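One structure is given below, encoded as structure tokens.
The values are calculated or read from the model by the stated rules, or taken from the named source; none is laboratory data. In this text the structure is predicted, and so the values were computed from the model without any measurement. All Cβ positions, glycine included, derive from the backbone under ideal geometry; neighbour counts span all protein chains shown. Accessible surface areas use protein heavy atoms only, side chains included; no ligands, DNA or RNA. Shrake-Rupley method; radii C 1.70, N 1.55, O 1.52, S 1.80 Å.
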Amino acid sequence: MLSLQGLTPAQQFSYTYKLENGASQAQGSNEVEKILIVKDTIWLATSKGLSKSEDYGQTWINYYRHESFGEEGISAIAYHNGTIWAATWHLEDAAGSSVPFGTGLRYSRDGGKTWVTVEQPVDDPGDSSVTYGINTLRALPVTVGHNNFVYDIAFTGNTVWIACFAGGLRKSDDMGKTWKRVVLPPDYLDSIKPSDQLNFSLQPVAGKFGSESYLNHRVFSLLALDDSTIYVGTAGGINKSVDGGLSWTKFNHTNQSKPISGDFILELAHNRADNSIWAATWRAEGSSEYYGLSVSFDGEKNWETYLVDHKVLGIDFKYYNNGSYDVFAATEDGLFRSDDRLNNWIAAPRIYDSNTGVGTNYITRRFRCVNVYQKNNNTDVWIGSLDGLIKYNDADNNWGGNWKVFIASQKLESDNSTYAFPNPFSPDNEIVRIKYNLTKPAEVTIRIFDFGMNLVKTLIQNAPRNLQGDQFEVWNGRDEAGNFVPNGVYFYRIDKGGDGEPLFGKIMVLR
């Protein structure tokens with residue numbers, strides 16, 4: 001079994017099942033990892049399964065607990081030739097810690113009505129070699145699903161490619177019935193081809209199998225441009241093949257005069273306006289590496305870096321009729337767009353849904369993905385975060401458009417009921433929402449108390465809430481002094497200023 005501990009930056013996918021099965025008016029989870037839009041159908045990869053909207057976000061079909069998906073999270077989604085693909089995973093305890101466990105892929109040729117299950121590719125213990133051109137190379141057999149799950153999916157012709165971290169780069173020519181391991185250069189070689197005389201192991205980590213350990217064999221992201229050109233992002237750089245994955249050239253932080261910012265590649269994107277290649281380049285292990293958004297305009301000969309020190313996770317583009325474009329980037333610390341042909345980068349302002357009153361206090365700054373959808377001179381930017389799905393209508397090209405926030409939550413039992421979610425919650429990496437209802441506008445006060453009914457925090461006091469219907473307030477787990485509260489049970493009281501009796505609820509803090 002391979003371990004992520006100490007090998008790469010912190011695990012990028014969060015995984016929680018904290019809501020009941022999502023209602024038809026909301027996606028299945030507020031932790032949205034990937035967004036895919038095919039025509040007007042929106043597909044979401046979330047921590048609580050796959051979600052689909054066939055009416056552009058008005059209603060949702062959620063596949064959580066579906067017979068083909070069970071209670072699996074979704075780590076990757078892709079579309080090719082009428083077929084939708086989704087990769088599944090969950091966490092399992094191993095050696096005293098939780099590790100990601102890959103459970104394969106599902107694909108559907110009929111828009112999600114029926115699904116075919118593809119098992120997670122694993123090796124037999126004796127699969128300790130692989131043929132590459134004139135060479136027979138030692139190859140570490142990956143025999144379990146631990147740390148072996150699909151980060152990304154791509155297609156060249158009829159070939160399906162998957163990036164599996166511990167399982168490496170694999171491809172299938174028969175819709176996942178069989179898989180072949182694909183050989184990438186080791187860390188000390190910048191290129192390989194089948195006619196080379198080679199002597200290394202296909203091995204991401206050292207262990208009983210051998211002492212070799214190659215960052216470039218830990219695979220995370222994929223980008224296919226045509227039937228023969230594919231890019232593979234690893235923890236050791238960007239690998240490019242122009243012959244369908246036979247020969248490879250590697251670009252990293254140390255082998256070019258103007259290199260990428262860091263060797264850990266979380267996302268790859270192609271800009272069709274100028275044929276540039278973009279990469280979310282994180283620091284891997286080199287002391288001179290740094291986080292950023294790297295781009296090459298000249299066929300990977302040279303790279304420019306934008307958004308220095310930002311941890312980019314998603315990249316997409318808005319195209320204009322004159323051939324220009326804007327770049328949108330989802331990062332761990334904000335949402336950004338370019339302006340003036342990349343001369344300036346502008347952070348998204350306060351996110352506020354004027355129809356529901358959901359605003360910045362409800363939305364994390366940790367964004368996971370971005371998808372720009374353009375149709376009939378209209379541009380919508382869909383953003384996935386750890387705290388909800390967001391749609392931004394880009395009306396004026398300068399963050400001056402309208403926002404819509406999609407929050408998944410259980411339906412209230414009545415107008416005089418309340419609950420908090422996620423519950424329990426960990427203030428280290430999330431907020432807790434308190435949901436309640438107003439039958440008329442009111443001034444609302446919400447206070448948090450400890451188990452002894454001592455006041456811990458006044459969230460809002462006589463705050464005007466002018467919209468009727470469901471309301472959300474948030475708590476970050478801190479007291480009046482700004483300190484995290486200890487683990488335990490806390491109570492909250494809601495006074496709705498004449499709109500019904502006070503409401504009470506309970507929150508468990510578990511850090």
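In this simple spin-label model, placing a label point 7 Å from the Cα along the Cα-to-Cβ direction at both LEU189 and PHE491 gives a separation of 6.8 nm. Per atom type, the chain shows carbon and sulfur on 45% of its accessible surface, probed at 1.4 Å.
Rolling a 1.4 Å sphere over the protein heavy atoms, what is the accessible area per residue of the stretch 270-397, to the nearest Å²?
41
Spatially, the stretch 281-321 and the stretch 428-444 are offset by 39 Å when compared through their Cα centroids.
The dipole here belongs to the stretch 234-353: it is taken about the Cα centre, uses +1 on the Cβ of Lys and Arg and -1 on the Cβ of Asp and Glu, and is about 160 debye. Full extension of the segment from ASN393 to THR114, taken as 0.36 nm per residue of separation minus the current Cα-Cα distance, would add 97.2 nm.
For the stretch 331-449, the normalised intensity computed at q = 0.13, 0.14, 0.20 Å⁻¹ comes to -0.63, -0.72, -1.21 (log10 of I(q)/I(0), Debye sum over alpha carbons, equal scatterers, no solvent). Working note: Cα gyration tensor of the stretch 24-84, eigenvalues times five, square-rooted, sorted largest first, giving semi-axes of 16, 14, 11 Å.
In square angstrom, what is the accessible area per residue of the stretch 183-229 with a 1.4 angstrom probe? Please report the intermediate quantities before stating the final value.
Numbers: 2090 Å² over 47 residues.
Value for the stretch 183-229: 44 Å² per residue.
Taken over the C-alpha atoms, the stretch 138-188 has Rg and Dmax values of 11.3, 33 angstrom. Using only alpha-carbon positions in the stretch 94-214, the gyration tensor eigenvalues give semi-axes of 26, 20, 12 Å once each is multiplied by 5 and square-rooted (largest first). Normalised radius of gyration (Cα atoms, divided by 2.2 N^0.38 Å) for the stretch 66-124: 1.25. Phi-derived couplings, Karplus 6.51 cos²θ - 1.76 cosθ + 1.60 at θ = phi - 60°, listed residue by residue for the stretch 265-270: 9, 8, 7, 10, 8, 10 Hz, with x used for Gly and Pro. A protection proxy built from the mean count of other Cβ atoms within 10 Å ranks the segments 292-301, 53-62, most packed first, as 292-301, 53-62.
Peptides 78-89, 483-494 ranked from most to least packed give 78-89, 483-494, packing being the mean of other C-beta atoms within 10 angstrom over each peptide's residues. Seen from every direction in turn and averaged, the convex hull around the alpha carbons of the chain projects onto 25.0 nm². With point charges of +1 on the Cβ of Lys and Arg and -1 on the Cβ of Asp and Glu, referenced to the Cα centre of the chain, which listed residue (ILE265, THR331, HIS217) lies farthest in the positive direction of the dipole? So the residue we want is THR331.
Go through the stretch 411-426 residue by residue and turn each phi into a ³J(HN,Hα) via Karplus (6.51, -1.76, 1.60, θ = phi - 60°); whole Hz please, and just put x for glycine and proline. Rounded to whole hertz, the list is 6, 5, 5, 7, 5, 10, 10, 8, 7, 10, 8, x, 8, x, 9, 10. By the Kirkwood approach, averaging reciprocal distances over each pair of separate Cα atoms, the stretch 200-356 gets a hydrodynamic radius of 16.6 Å. Using a probe of 1.4 angstrom and keeping all protein chains present, the accessible surface of the stretch 452-511 works out to 55 square angstrom per residue. Pairs exceeding a 24 Å alpha-carbon distance, out of LYS34/LYS391; LYS39/LYS301; LYS171/LYS193; LYS258/LYS311; LYS180/LYS240; LYS318/LYS404: LYS39/LYS301.
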